[in-house]
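J.: Quick one: the structure is below, questions incoming.
Every number in this text was worked out from the coordinates using simple rules, so none of it is lab data. None of these values were measured; they are calculated from a predicted model. Reconstructed Cβ throughout: ideal geometry from the backbone, glycine too, with neighbour counts over all protein chains shown.
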């Protein structure tokens, strides 16, 4: 991010207004669409975790299994959640087992910015892995900034909400002289999660219904992170991060009609990772950086069910994943507007499973993945051109059985952004990207279902759009508008086909064609003496059709993809007070053949409001989520909570 | 700074305290009701016998629709059949590492398990002929141990292999109607046959009586005991299935669309109509019924939903008609639904549960 500004700072002089929000400019100039929420904006979104924020991005399909502890994933423009990379301070998170990152595990309390990039983030000085997804959700934590006057910063907060939700959290940051800086962020979340919901025994609201209560849905979790930064000199620095996440939760499972017995499924997970980052901005022309990371994830799934007759009705599955990762990137300025970069990454994954019932023939796979990427960027006031070529290779090994074949792929992308008019920030942009998705260990090695010969999926993304940033209208303190039309095609899609009722097999058979439109607007209007009306809205049109040859659903919308979706927010800021309203809506979704009406899931609109104020060190925020008590489901048979409340009290600990 | 230190300490304590509280629960044993998951139904002497996947068989009185005695059989029982006042239950050992291979025999006068008969690995289905012989289809381990079709002789309980490949079958009169197929490289069904096996003379009469093309994968077969018409249900496990009707000699009669995974056909007393049970998909809450009127050739889809304004539940496993009522075992919903055989309107929904010890940690 800092790099973009270095190159662009020459050009901001040409704009007539003095202050242009750097983030808005970045969004308007991006050749590959990017959406950004800053810490201040996140505070107005009725959000308690990353998925709550992601719901306000355009072009996303959220899968939320309900409650605080339910699994939450994000999919971009109809491609599937495994194409969404999640980057945490420059390093990608990974899950080699399912390929999906559960976004519920991140705390918002130490987040400074959340951004979503289609294709990849526009900065070419990044690890090769950042180029290897269909899109990237970037989480940036609060920087250890030594420019400020204060040497100590801290915030303590306490959230309480419906269904027994308690969330104490602490953030402290301290600088020691000019060289050392540390921060510590820790929080815990506890909830019993027992919300009531309205269950219809059929797919129509005319059918019989009952008000039931979600059970076995408690969660206790703790997150801790410590960061240290050492500035060797003004060009070089080393940052070290260690993060721990632990939780225990009940899994209520999907709703089964007429079966009100409590689910006995429990999930305990612990993830620890540590990463180190060395950065050297040698000169105006040359810089390099290195990353190293170690990640350990331990999941324990248990269930009590009389179907496990040989083990006294008890099931215990333990999954342990390890990853070792290293990366090196270099950027060189060839000419004033032309930058080139090269980066290379290597990482190792393994998976160990211990179960008292299943996985007796588990292969214990390990995978080595190597990436090499070259990129170029041509950047002037009016024209941005970008291109990269990513080379991927994988080598797999197994302790027993046969390993998946080695893979290698070449994946290019090109992008362009052109400022059409001399004196207005009105740009046209386009990009093309080809990317793959490697099969996960579940796809390849899961008992009875895995298929070792699965090939990677292939995706081609095309995008064309316009952005407009207006900064000359006096009463508008901000105005950014963008509209993008896109076409994605996914081939060799890994899908499960049934052999019989309980036995499915993974195969590369699917084809999906997605055409759509993403519209985004952010507009801040000055009111009164110093008040501000902040508005944002987005709308997505996604026509994602099954193009699998011979499929019974050929030409129909793929499951869980609404054709229309969007969100809107408005808030009013007056001195220390702010009050606002947020709305997200999703149109109708289908979960199977469209000729069968029972496969239809109704659309929904969820409205939420908040009011906040601060007094000296203290800040209070009160929220009502789902104001009109709407009962809805994001994933079928996983009812979401209805109207609920939350209050946050926080204290600034700084001097 | 001092305030900060106090707040920090308090907060850190508040943060970590819940961890200790939650870890500190006692180990106590309390009784909790767990779903017993009904799998199959048979009826005799005014009682319906409900076989449940957690290893129990329970009596249901058909006059007052109250549950009676429960006994324990083998591991994960599935199909069942009554012949000569004995109830035979297949024990599949479903989730066990070593699958069961026995048939439990229950004397209906005493309602006690008298013995277990050992058969091939992983028995799935069982039917009886009018001579007291039992026929069992087993699936093996889908690998080194193949499935088999076996006969258990009436009085001797001797088990013999029959060299006929069987996926689903039904016995009416002296004929066993056998549906079979093989999987091709893409897990599609190929070589679909409908064979006739003579149970009296104990030999294969015709390897395949069907000439019409059958789409998708055969899933169930039921033969009308009066008209001898053969009903073959097919599925692709994802979308609505189909029911084919053939005459006794294999001539195609008609077909109609069913719900997802048609698994059983039950005939009305006057043979003017039939009801198909659609299993639905596990955890999709889409079990259902079709009503097919043979006189008017009309197919009523979602019949149960239409008549009762609610879904049938999750995974409809078995259905029988006994007297003027139809009984349906809905496996994942863990209920037995009792409906009026003529109107399709529900009479009673019986939850099937077992009280077990729950260990809390």
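J.: Label 7 Å along Cα→Cβ of residue A:473; segment A:408-426 residues with amide nitrogen under 17 Å?
T.: The answer is A:424-426.
J.: Over all residues in B:255-264, what is the mean tally of Cβ atoms on other chains that come within 10 Å of each residue's Cβ?
T.: 1
J.: Going by average Cβ neighbours within 10 Å, how do the peptides A:583-596, A:608-621 rank, with the highest at the top?
T.: Highest to lowest by the protection proxy: A:583-596, A:608-621.
J.: In a GNM of chain B with a 10 Å cut-off on Cα contacts, which of B:265, B:62, B:156 has the highest mean-square fluctuation?
T.: With Cα springs under 10 Å in chain B, the top fluctuation among B:265, B:62, B:156 is at B:156.
J.: Over segment B:229-361, what lengths in whole Å, largest first, do the semi-axes of the equivalent ellipsoid take, defined as the square roots of 5 times the eigenvalues of the alpha-carbon gyration tensor?
T.: Square roots of five times the eigenvalues give 28, 17, 13 Å.
J.: Per residue of B:306-312, how many C-beta atoms from partner chains lie within 10 Å of its own C-beta, taken as a mean?
T.: For peptide B:306-312, the averaged partner shielding equals 5.
J.: How do A:237, A:404 line up, fewest other C-beta atoms within 10 Å first?
T.: Ascending number of Cβ neighbours within 10 Å: A:237, A:404.
J.: With label points built 7 Å along Cα→Cβ from the Cα atoms of residue A:342 and residue A:397, find their separation and express it in nm.
T.: So the label points at residue A:342 and residue A:397 sit 2.8 nm apart.
J.: Right, another one. Compare the peptides B:279-285, B:252-258 by average per-residue count of other Cβ atoms within 10 angstrom and give them in order, highest first.
T.: The most tightly packed comes first, giving B:279-285, B:252-258.
J.: Another one. Given Cα pairs under 8 Å that are at least 6 residues apart, what percent is the relative contact order of segment A:564-635?
T.: Relative CO of segment A:564-635 lands at 25 percent.
J.: Related question: Is the shape of segment A:33-85 best called rounded, prolate or oblate, per the rule: a/c under 1.5 gives rounded, else a/b larger than b/c gives prolate, else oblate, with a ≥ b ≥ c the square roots of the Cα gyration tensor eigenvalues?
T.: oblate
J.: Same structure, new question: For peptide A:248-258, how many partner chain Cβ atoms fall within 10 Å of a residue's Cβ, on average?
T.: 5
J.: Only helical DSSP H runs with n ≥ 4 go in: add -39500 (n - 2.57) per run for the protein assembly as shown, normalise by residue count and round the 222 nm mean residue ellipticity to 500 deg cm²/dmol.
T.: Rounded to the nearest 500, it is -1500 deg cm²/dmol.
J.: Would you work out the relative contact order for chain B, in percent, from Cα pairs under 8 angstrom that are 6 or more residues apart?
T.: 12 percent
J.: So what's the angle, to the nearest 10 degrees on a 0 to 90 scale, between helix B:2-23 and the longest Cα principal axis of chain B?
T.: Once rounded, one gets 30 degrees.
J.: Can you classify chain A as rounded, prolate or oblate using the Cα gyration tensor, where a ≥ b ≥ c are the square roots of its eigenvalues, rounded means a/c under 1.5, and otherwise it's prolate if a/b beats b/c and oblate if not?
T.: rounded
J.: Normalised by the number of residues in segment B:187-276, what is the relative contact order in percent for Cα pairs under 8 Å and 6+ residues apart?
T.: RCO, segment B:187-276: 20 percent.
J.: Please find the FRET efficiency linking residue A:543 to residue B:272, where r is the Cβ-Cβ separation and R0 is fixed at 35 Å, and quote it to the nearest 0.05.
T.: Here the calculated transfer efficiency is 0.15.
J.: Ok, one more. Which of the peptides B:204-210, A:341-347 is most tightly packed, and how do the rest follow, going by the mean number of other Cβ atoms within 10 Å of each residue?
T.: Highest to lowest by the protection proxy: A:341-347, B:204-210.
J.: Further question on the same structure: Most exposed first by the Cβ proxy, i.e. fewest other Cβ within 10 Å, how do B:134, B:108 rank?
T.: The fewest-first ordering by Cβ neighbours comes to B:108, B:134.
J.: Right, next: For segment B:29-97, what class follows from the C-alpha gyration tensor (a ≥ b ≥ c being the square roots of its eigenvalues): rounded when a/c is under 1.5, otherwise prolate if a/b is larger than b/c, else oblate?
T.: Note, shape of segment B:29-97 comes out oblate.
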